[in-house]
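J.: Have a look at this one before I ask anything.
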Amino acid sequence: MKILLTGAAGFIGMHTALRLLDRNDQVVGIDNLNDYYDVGLKQARLRRLNAYSNFRFLECDVADAVAMAKLFSDEGFDAVVHLAAQAGVRYSLVNPQAYIQSNLVGFGNILESCRHTKVGHLVYASSSSVYGGNAKLPFSEHDNIDHPVSLYAATKKSNELMAHTYSHLFELPTTGLRFFTVYGPWGRPDMSPMLFVRAMLEGRPIDVFNHGNMMRDFTYIDDIVEGVVRVIDKPASANPAYDLSRPDPGSSNVPYRVFNIGNNQPVRLMDYIEAIEAALGVEAKKNFLPMQPGDVPATYADTSELDAWVGFKPDTPLTDGVARFVAWYRDYYHC
């Protein structure tokens, strides 16, 4: 299969590409290599991918409509895995324009390009952030998500709505994957595992928001990749039981699906910190702070729909995943 993977130099992008390359798919990876975080880390990820003869990399931006149209026309992809996006809840309060361009304009370009070149399946990254102010746990794809609490979340909900429109108008099979707090080796420097480990090794305090009264459904990267790859191989289809008089947000009467990918085992923030302390052999100095704007106190994924669709549910224990991350960190940063 010939697959376009956007955001190939990203954390999830690199791991997904490796899995596809190892099973002999032909992968074209694109990324704009922006400086939201350390470009050197992105380039190091790409070096791993460039070792494969069935991988090609192009530096370009999904927000460039002309470049996207030409790429799709020239290549003729069987499937697209769209992971490129401006990530991060907190940064959306600082630079909202970056989210408009990448997550909205860029996603529109991907949809248009898929439409005009008859791509067989578009799989794209959504986020647990779309659940916003929802208080009912665990979060289910059948729940209403009309109350986002950050611009980042709003753009991801918008992606799901845009995808549905193209599935309806043009019969483009689209599958959105709501990722829940992904962590593991090669992770992003702006996320808590990297921030905590670096601060702890340097003897600095870590910021613990909402005074530690938070829970997250931490999901190990290998589990995310397994879910993504299984979904690629099973294009979205219309739900034969869909009832137009009682609309269900998770599916439709057109080839459109949305799934949670989470560990289905939420962990207290303080227990997560303890797991990092145990793996590092260092006790964290803690700076307890109020909740940040745009954040939520808990995430918890109902993964029964994903399991029913592709026969998989994430299950890597947090202690195992954290130990692997710490081992990678020490090796990569020589500390």
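The values are calculated or read from the model by the stated rules, or taken from the named source; none is laboratory data. It should be emphasised that the depicted structure is a prediction, and the values quoted were computed from it without experimental measurement. A quick note on method: Cβ atoms are made from the backbone with ideal geometry, for glycine too, and the neighbour counts reach across all protein chains shown. We work out accessible area using only protein heavy atoms, side chains counted, and drop any ligands, DNA or RNA first. Shrake-Rupley method; radii C 1.70, N 1.55, O 1.52, S 1.80 Å.
J.: Could you list, in sequence order, the residues of segment 308-335 that are under 18 Å from the mean Cα position of the chain (by Cα) and surrounded by fewer than 16 Cβ atoms within 10 Å (Cβ to Cβ)?
T.: Within segment 308-335, D315 is the sole residue that qualifies.
J.: Just to check your reading of the model, which residue among A301, A284 is farther than 16 Å from L195 by Cα, surrounded by 14 or more Cβ atoms within 10 Å (Cβ to Cβ) and not acidic (D, E)?
T.: Result: A301 is the single residue among A301, A284 that is farther than 16 Å from L195 by Cα, surrounded by 14 or more Cβ atoms within 10 Å (Cβ to Cβ) and not acidic (D, E).
J.: Just checking, how many residues over segment 4-41 are surrounded by fewer than 23 Cβ atoms within 10 Å (Cβ to Cβ), in contact with a strand residue (DSSP E or B) (Cβ under 8 Å, 6 or more places away or on another chain), among the polar types (S, T, N, Q) and more than 22 Å from T117 (Cα to Cα)?
T.: Adding up the residues that qualify gives 1.
J.: Output the helices (runs of 4 or more DSSP H) that fall wholly within segment 220-335 and possess 1 or more residues being free of Cβ contacts under 8 Å to residues at least 24 places away in the same chain, or say none.
T.: Where helices (runs of 4 or more DSSP H) fall fully within segment 220-335 and carry at least 1 residues being free of Cβ contacts under 8 Å to residues at least 24 places away in the same chain, they are 269-280, 304-310, 318-333.
J.: Please specify each residue of segment 181-201 satisfying the condition of being charged (D, E, K, R) and closer than 21 Å to V130 by Cα.
T.: Once the filter is applied, which keeps residues that are charged (D, E, K, R) and closer than 21 Å to V130 by Cα, segment 181-201 yields R188, D190.
J.: Just give me the residues in segment 100-158 being among the β-branched types (V, I, T) and either over 21 Å from V89 (Cβ atoms) or open to solvent by 50 Å² or more (accessible area, probe 1.4 Å) (or both), in sequence order.
T.: Within segment 100-158, I100, V105, I110, T117, V119, V123, V149 meet the criteria.
J.: Hey, can you tell me all the residues within segment 53-104 that are over 26 Å from I224 (Cβ atoms), free of Cβ contacts under 8 Å to residues at least 24 places away in the same chain and among the hydroxyl-bearing types (S, T, Y)?
T.: Answer for segment 53-104, where residues must be over 26 Å from I224 (Cβ atoms), free of Cβ contacts under 8 Å to residues at least 24 places away in the same chain and among the hydroxyl-bearing types (S, T, Y): there is none.
J.: Something else: So, in segment 3-20, of the ones that are assigned to a strand (DSSP E or B) and β-branched (V, I, T), which residue ends up nearest to the chain's Cα centre (by Cα)?
T.: Result: T6.
J.: State which residue is least open to solvent (accessible area, probe 1.4 Å) when the search covers only segment 55-74 and only residues that are over 15 Å from N109 (Cβ atoms) and touching a strand residue (DSSP E or B) at 6+ places or on another chain (Cβ under 6 Å).
T.: If we take residues in segment 55-74 being over 15 Å from N109 (Cβ atoms) and touching a strand residue (DSSP E or B) at 6+ places or on another chain (Cβ under 6 Å), then F55 is least open to solvent (accessible area, probe 1.4 Å).
J.: If we keep just the residues of segment 181-205 that are at pLDDT 95 or above and in contact with a Ser or Thr (Cβ under 8 Å, 6 or more places away or on another chain), which is surrounded by the most Cβ atoms within 10 Å (Cβ to Cβ)?
T.: Ranking the candidates gives V182 first.
J.: State whether the residues of segment 213-225 include one that is touching a strand residue (DSSP E or B) at 6+ places or on another chain (Cβ under 9 Å), aromatic (F, W, Y) and farther than 27 Å from V39 by Cβ.
T.: No: segment 213-225 contains no residue that is touching a strand residue (DSSP E or B) at 6+ places or on another chain (Cβ under 9 Å), aromatic (F, W, Y) and farther than 27 Å from V39 by Cβ.
J.: Give just the number: which of (1) more than 16 Å from the chain's Cα centre (by Cα); (2) closer than 30 Å to E112 by Cβ; (3) in a loop (DSSP other than H, G, I, E, B) does Y166 not satisfy?
T.: (3)
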